[in-house]
Amino acid sequence: MHTLRVPALTLLAALCGAPAPAEPPSPSQFLKFTVGADRQLADYGQITAYFKALAAGSARVQVENLGPTTQGRDMIMAVISSEANLKNKSRFQEIARKLADPRGLSEAQVDALAKEGKAIVLVTCAIHASEIGATQMAMEWAHALATAKDPETLRRLDKVILLLVPSLNPDGQVMETEYYRKNLGTKYEGGRLPYLYHPYVGHDNNRDWYMLTQKESLAMNRAAYHTWFPQVWLDEHQMGATGPRMFVPPYANPVAKEVHPLVWRTVDLLGTTMSLRLEQGGKGGVAYGVMFDAYWPGGTKNTGWWKNVVGLLTEVASARLATPINVDPTELSGGGKGLVEYKAQTNFPSPWKGGPWRLRDIMDYERIASDALLESCANLKEDLLRNRARMAQAAIQAGNPASYYRIPAKQADPVAGARLAHLLAENGADVRVGKNGDFLVPTAQPLGRFVKEMLEPQRYPEIRPIPGAPPMAPYDVAAWTLPMMMGSEAVKSSLDSAERETLRPLKAEDWPSGGLDGKGTVAVLGRGSVASGAMLNALLKVGGAQVALAPFEQGGRRFEAGSVLVPASPAVEALAKQHHLRLATLPQEPKVRLGAQKAPRVALYRPWSVSMDEGWTRWILEQHGFSFRNLAPKEVQAGKLREAFDAIVLPDVGKSLLVEGRFAPGRFQEELPPEFQGSLGKEGVKALKEFVEQGGTLVALASSADLPIEEFPLPVRNPLASSASAGRSATMAEDFNCPGSILHMHFDPSHPVAWGMPKEGFGFLDHPMAFQTSPSGPQNQRAVIAAYPEDARDILASGWIRGAERLERRAAAVALQVGKGRVVLFGFRVQHRAQTEGTFKLLFNALHWSALGE
């Protein structure tokens, strides 16, 4: 991150005897159209240009470059405060850092720093690119702060350093504005983008804030938890058009008990001031305590709750981007947490009555709420700084100086362990390294609450709107225990004082040492590491490989089925070092049945239904070195797929969307331009079946498994289908529900798809899908790859589940022979949001299996 320097124009003009430059132009003056007007949008390039111009003309504004986006744009952050504060910003950053980690500070020192420091307030806009109003409002707000002369604004700027990110998703903002402009004046004006509004993850970019997989979340995380250490973080969003006009905190239940109560008390206070100022401004329809709960840590500001940051969310009702809508009073509705009916109640005292709703309304609501935040943070400056230290001290005291989470250097997958340790450190946690290479994470640290939340199992609390009603569904998922998802070990461990003294901070180079063991001529790559798939792909790019189709022993050591054999060479050793893997070497090729492994020719189906799972899968395949390409519906319908591909992957998309291009019955689906229409149809289904019968491998992820099961058909059924047809609502089905939880599973590591998996492990399930196979003829030979335990009490590992008995002795993943080819069905989420790294190898193995000769 670096500051974009601008010339001191005012000083230069004075020295030259010239008149002082004019006040910085407003956004509308600079862009030469009325910002916020109907059917007018500034794109990210224009927004960036405006902020740079504002910084050039005002000593109250600096622009920092947080780093490149996925598509290579600069993601900017405006730093706005008094001129004096900006001249000394490094000092205020240092104060914020010390208060975020107050170890070694006395109470007097904390008080002195709280008095000297400034409240650092981070406001991020439009992480979801279609929620575009805040990107436009940010320019007007910044201009007002840069040019204001009234004493109250100057007081606020003296007390607060505002970090304003006009877009947390610049690439998506450009996609949305370009598509909107292209369709102005047509029936598609203001319609949904027919592809993801982030290059990979779409709406799920706000689900990435503890895994930090995407460039934007990683860059923002570094600014927040390694450079600036804000005490307050507001994330501005938009929501549906037919409910309240705006949500502001406080949040709905449930509440995360591990979060310090000062977070919730401050959230309530800041949110209530927003509500007050909005009501005073004549902005009706503002609700709190609805929909958005205080439990899940995956979003921008949510993760900050466990890091002692006061995280706030606002959501404003949407228009059709910059195209106005008219909401009839009969269309307004409540429903869900906190607002069962659309009528006045204590958390929604002035319902909006309906009528026109436009971009300017969105911007006005956001601006009032943003100003109210600045007002409150200026008033509470010392409290905010002091409370940041208090919460950190409480987290330290809640831990035990002798208690650590130990991530062993020697474990089934050392790379997974190192990955977990570095991820915690990237999040801002204190991670140490022992003399034996183990990673040690102290429980007594400022981010102790965050560390505990990430490393220990969850138990989602049942919240019922009224006694006897079904429990309320969580806002997102119910579990996120990282060791279980990532395939790593992490255990509580007590260290004596002598061992504690030997610990050192984690370094960037603290990864397992890769290379070749021994001087043999044959190198052996095991399949047990999350890094094995990427290394196998790298090997296949430079030559072929042999795969052991059964276990074997040599030199007193056992090697499991799936072990990859290649000639030992300096190039192979270099790849092993790059992937942090240790490869054994053998003096000669073992006497075991071998298969020739080729690089699989992979296709990933991309429907016109905006599949985030397709985007995540695409990202994962790229990161792990698979060569693949996307297939559009018409390309599938054209047939002859086996000539081009060994494996085709169907992302987690429902059968109706795959086959018919439509959502579930009863849900309105807006028409898209002709070039974005189409689905598999009967022709596409026929082509997929022919692909498999001719020797291809079809991999169906989660809900897409319904397509081959029903259309090929296959001797498999989903015994939870009745629960699946009910869909996901605000309340959870009473017969079966698993809203994103981690479950115990049994794996068959003798099967090629499960090579490298432990016999006992974990899988992530977020929808009603399991498999019941049936005996069949030789044309449909089947194998169960993964299954649930026999006793329902042994199924849940982390999260929440109802009806676990319906999973007893059910399959979670199966493979079936169809003609000359295979169908692999994964009922659970093997690559969920790129978080379930421990089960990535199931997908990778299925793809490699498609190109394995026997």
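The values are calculated or read from the model by the stated rules, or taken from the named source; none is laboratory data. It should be emphasised that the depicted structure is a prediction, and the values quoted were computed from it without experimental measurement. For neighbour counting, all protein chains shown are included, and Cβ atoms are generated from backbone atoms with ideal geometry for every residue, glycine included. Remember, those area values only see protein heavy atoms, side chains included, never the ligands or the DNA or RNA. Shrake-Rupley method; radii C 1.70, N 1.55, O 1.52, S 1.80 Å.
Potential lengthening of the chain between Ser497 and Glu643 amounts to 46.1 nm, from the contour at 0.36 nm per residue minus the alpha-carbon distance.
Based on the alpha-carbon gyration tensor of region 469-581 and its eigenvalue square roots a ≥ b ≥ c, which shape applies: rounded if a/c is under 1.5, prolate if not and a/b is larger than b/c, or oblate? Note, shape of region 469-581 comes out oblate.
What net charge do the residues around Pro708 carry, taking every other residue with its C-beta under 13 Å from that of Pro708, with Lys and Arg at +1 and Asp and Glu at -1? Charge balance in the 13 Å sphere: +1. Placing +1 on the Cβ of every Lys and Arg and -1 on the Cβ of every Asp and Glu, with nothing else charged, gives region 155-270 a dipole about its Cα centre of roughly 240 debye. Counting heavy atoms of the protein chains alone, Trp800 has an accessible area of about 20 Å² for a 1.4 Å probe.
Considering only alpha-carbon pairs that sit under 8 angstrom and 6 or more positions apart, the relative contact order computed for the chain is 10 percent. Computed from phi, the 3J(HN,Hα) profile of region 129-145 under the Karplus parametrisation 6.51, -1.76, 1.60 (θ = phi - 60°) reads 5, 6, 8, 8, x, 5, 5, 7, 4, 4, 5, 5, 5, 4, 4, 4, 6 Hz, with x in place of Gly and Pro. Among the protein heavy atoms, those of Lys187 account for about 140 Å² of accessible surface (1.4 Å probe, every chain in place). In the structure shown, do any of Lys89/Lys307; Lys32/Lys52; Lys257/Lys307 have a Cα-Cα gap over 18 Å, and if so which? Beyond 18 Å: Lys89/Lys307.
Taking only the Cα atoms of the chain, the radius of gyration and Dmax are 28.1, 95 Å. Put simply, the C-alpha atoms of region 775-854 give a gyration tensor, and the ellipsoid matching it has half-axes of 26, 18, 8 Å, longest first. Bridgeable lysines around Lys343 (alpha carbons under 27 Å apart, same-chain partners fewer than 8 residues away excluded): Lys283, Lys353.
Listed values for region 798-810 are Karplus-derived 3J(HN,Hα) couplings in whole Hz (6.51 cos²θ - 1.76 cosθ + 1.60, θ = phi - 60°), namely 7, x, 7, 8, 10, x, 4, 4, 6, 9, 4, 6, 9, and x replaces Gly and Pro.
Here, region 282-387 yields an orientationally averaged convex hull projection of 8.2 nm² when only Cα atoms define the hull. A straight Cα-to-Cα reach below 18 Å connects Lys682 with the aspartates and glutamates Glu635, Glu660, Glu690, Glu693, Asp706, Glu710, Glu711, residues fewer than 8 places away in its own chain not being considered.
Under the convention that each Lys and Arg Cβ holds +1 and each Asp and Glu Cβ holds -1, the size of the dipole of the chain around its Cα centre is about 980 debye. Note that region 427-521 presents 44 Å² accessible area per residue, ligands and nucleic acids not counted, probe 1.4 Å. Between the Cα long axis of helix 840-849 and the first principal axis of the chain there is an angle of about 40°, rounded to the nearest 10.
Each of Thr273, Val290, Gly311 was placed along the dipole of region 254-348 (beta-carbon charges, centred on the mean Cα), and the one lying farthest toward the positive end is Gly311. Relative to the longest principal axis of the Cα atoms of the chain, helix 381-398 runs at roughly 30 degrees. Work from the charge dipole of the chain (Cβ charges, +1 for Lys and Arg, -1 for Asp and Glu, about the Cα centre) and give the residue of Gly625, Pro351, Ile795 farthest towards its positive end. Positive-end residue among those listed: Gly625. The lysines within cross-link reach of Lys689, meaning a Cα-to-Cα straight distance under 22 Å and a gap of 8 or more places when in the same chain, are Lys634, Lys640, Lys655, Lys820.
Sorting the segments 308-318, 537-547 by their residues' average number of neighbouring beta-carbon atoms within 10 angstrom, most packed first, yields 308-318, 537-547. Using only side-chain charges placed at the Cβ, +1 for Lys and Arg and -1 for Asp and Glu, the dipole size of region 717-854 relative to its Cα centre rounds to 380 debye.
A P(r) calculated from all alpha carbon pairs of region 199-284, with 10 Å bins opening at zero, reads 13, 34, 39, 15, 0 percent.
Computed on region 406-505, the Cα convex hull volume stands at 127 Å³ per residue.
In region 421-577, a dipole from Cβ-located charges (positive for Lys and Arg, negative for Asp and Glu) runs towards its positive end, and of Ser488, Leu447, Leu525 it is Leu525 whose Cα lies farthest in that direction. With a ≥ b ≥ c the root eigenvalues of the C-alpha gyration tensor of region 521-582, is it rounded (a/c under 1.5), prolate (a/b larger than b/c) or oblate? Here region 521-582 falls in the prolate category. Within the accessible area of the chain, the carbon and sulfur atoms contribute 52%, probe 1.4 Å, all protein chains present.
Estimated from helices alone, the mean residue ellipticity of the chain at 222 nm is -9500 deg cm²/dmol (sum of -39500 (n - 2.57) over DSSP H runs with n ≥ 4, per residue).
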